[in-house]
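Nothing in this text is a laboratory measurement; each read-out follows from the coordinates by a stated rule. These figures come from a predicted structure and were not determined experimentally. A quick note on method: Cβ atoms are made from the backbone with ideal geometry, for glycine too, and the neighbour counts reach across all protein chains shown.
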Amino acid sequence: MLRLSRFTFLVAVNGVSENWLIYNALTDMGVLVDSSIARPISGALKRGPGRKPFWRYEKNTGSEARLQRVADSLPAAITAELRRLAILVDPIKEELCIDSIVQDFLQPSCLKLTIAYTARCQMACGYCFQSGRDKSRHHDQNLIDETIAWAETYIRDHGLHALHLGLFGGEPLADYRIGLAYARGFKQLTDRLSIPLEISLTTNGLNLSNEILTQLRSCGLTYVRVTLDGPPSIHDLRRPTNSGGGSFDRILANLKKSRQIDGFGIGVAVNVDETTSRSIGTLLEVLHEAELKEDVEIILEPVMPQFSKDASERYDSAGQLRYLADAFHQVVEKQFASPLLPGMCGSCNVIQKNCFVVDWNGDLFRCSFTMLEKGMSCGSVCDGFGVSALTAAGNLQNNFDRASEVLNSCQERQCPYLSLCGGGCRFQSWLADGDWAAPSCPEKLFNEIAADAFAHSFDLKTRRR
Ligand code: SF4
Ligand code: SF4
């Protein structure tokens, strides 16, 4: 028995003879069809509330039965094609697939370690969530060795099959030698353990050079993420250097040079708020003129307040939703690549058991936004090789354990965004409700941009194939 996948979206697209896109958000695959095929599919789904027409699954009385009726109403040739694209599916197999995705969210088989090995930075961004830190802190060889030894024990104890290393700061390239020592040390470790290593670098881009990229590439660099907060006039005001000068031109020049080396992806991150959401189109024109359009993806993230008791007073969640949606529509309009849905970390690190941030003192955290609050630490790489602090039944750990339960309600609601969202940002839950485990659902944002997002992703894939 086949039924329509619960992750099916039907989107009206313009400018082609077949003017409907059937898209599966679980597999990121789709197909263009005419209205004779679109009609029975729209009948099984519910019209979404976004400003562009789209239909999606919504759990209610009779919804499962409607999904099942679709397969019978379509011609055999179409049924075969939709089955190939996992738009028509065996319901039992799809449920197993969802269970496995949720399990991967909660207990990934990879250790994801983001190391903020230096607190130094050459910039003075007004909105930095790390402001007030002791900028003299950085890892020395001792701490590098202890961190790598801690990771080895963690990987062995938990039977993990891969390592993702994130080089982070402060500004990681302000103390590049430490980053290189980590990259080389983890390369040796993963070679010894015969597991794959992926390295990502989050940098302000000022010190980015092809020499550094080449060295990191040989250790396993797969992704570089650089922040540009708008066109030069806006970026330079928001992200000045410590001496007060602008930084845009130097970063752009470094990015352009970096294209001489291949083998890794580049994300241009934009911290989205009222100012940047209005100017992102102009930034994209600058990137286009610099011939970077085909080489970068645009990552949209909300500006979040530093973790503190009164942080929630400084966070405007409704405004953020509006700014992110506006920014996303501009990315689509300018035809830049971007992750399917904007937001924080994809699936939240807090609910993923094997994700940690190591701060400049060697303390372990679940979310980088909490790094300045010692009380939010869940252990330290210096506490011998023990990982007991991470599984102890303290209040904090209980709270984080409860946080993962948010996925139960997402599954219970049969949310069609589940594979892309993974339950929302836990820090935003805490900002809204003072509880890391409270629901924080970005569904409203997703509904607003789903039609654009899925049509854009399909279009880019088709053009670049
Ligand atoms: S709480 Fe939010 S910012 Fe922190 S790891 Fe999760 S998604 Fe990222
Ligand atoms: S948090 Fe909301 S949008 Fe995200 S998976 Fe859960 S129900 Fe869906």
- Message: Calculate the FRET efficiency for Leu180 and Arg51 from the Cβ-Cβ distance with a Förster distance of 41 Å, rounded to the nearest 0.05.
- Response: 0.30
- Item | Global form of segment 149-293, assessed from the alpha-carbon gyration tensor, a/c cut-off 1.5 | prolate
- How big is the antiparallel share of DSSP beta bridges in the chain, given as a percent to the nearest 5? 40 percent
- Query: At q = 0.08, 0.09 Å⁻¹, what base-10 log of I(q)/I(0) does the Debye formula yield for segment 112-396 when every alpha carbon is treated as an equal point scatterer in vacuo?
  - Reply: -0.33, -0.43
- Item | Fewest-first ranking of His138, His288, His235, using other Cβ atoms within 10 Å as the exposure measure | His288, His138, His235
- Work from the charge dipole of the chain (Cβ charges, +1 for Lys and Arg, -1 for Asp and Glu, about the Cα centre) and give the residue of Leu111, Gly62, Ala151 farthest towards its positive end. Gly62
- Item | Dipole magnitude of the chain, debye to nearest 20 (Cβ charges: Lys/Arg +1, Asp/Glu -1, about Cα centre) | 640 debye
- So how far apart, in nm, are the two label points at Ile261 and Glu333 if each is 7 Å from Cα heading toward Cβ? 3.6 nm
- Task: Measure up Lys257/Lys461; Lys59/Lys444; Lys309/Lys374; Lys52/Lys444; Lys334/Lys461; Lys59/Lys353 against 21 Å on the Cα-Cα distance and list the ones that go over.
- Result: Lys257/Lys461; Lys59/Lys353
- Calculate I(q)/I(0) for segment 102-164 by the Debye formula, one identical point scatterer on each C-alpha and no solvent, and give its log10 at q = 0.19, 0.29 Å⁻¹ to two decimals. -0.84, -1.21
- FRET efficiency for Ser218 and Gln68, using Cβ-Cβ distance with R0 set to 51 Å, rounded to 0.05: 0.45
- Segment Leu460-Ser100, extension gain: residue separation times 0.36 nm, minus the distance between their alpha carbons: 126.8 nm
- Query: Within a Cβ distance under 14 Å of Ser308, other residues only, what is the Lys/Arg minus Asp/Glu net charge?
  - Reply: +1
- Query: Sorted from largest down, what three extents in whole angstroms do the Cα atoms of segment 130-228 have along their principal axes?
  - Reply: 37, 29, 21
- If Lys and Arg each add +1 and Asp and Glu each add -1, what is the summed charge of the other residues whose beta carbon sits under 12 Å from the beta carbon of Ser247? -1
- Item | Sorted by Cβ neighbour density within 10 Å, fewest at the top, the residues Met371, Met123 | Met123, Met371
- Item | Check: segment 3-89 dipole with +1 on Lys, Arg Cβ and -1 on Asp, Glu Cβ, in debye | 340 debye
- Any idea which of Gly48, Val270, Leu88 is furthest toward the positive side of the dipole for the chain, if Lys and Arg beta-carbons carry +1 and Asp and Glu beta-carbons -1? Leu88
- Task: Give me Cys415, Cys345, Cys128 ranked fewest to most by other Cβ atoms within 10 Å of their Cβ, as a rough exposure proxy.
- Result: Cys128, Cys345, Cys415
- Hey, which lysines would be in cross-link range of Lys187, C-alpha to C-alpha under 22 Å, not counting anything within fewer than 8 residues on its own chain? Lys112
- Message: 7 Å from Cα along Cα→Cβ at both Ala77 and Asp34: what's the point-to-point distance in nm?
- Response: 1.1 nm
- Item | Å³ per residue enclosed by the Cα convex hull of segment 12-53 | 83 Å³
- Spacing of the two label points (7 Å from each Cα toward its C-beta) at Leu237 and Ser194, in nm: 5.8 nm
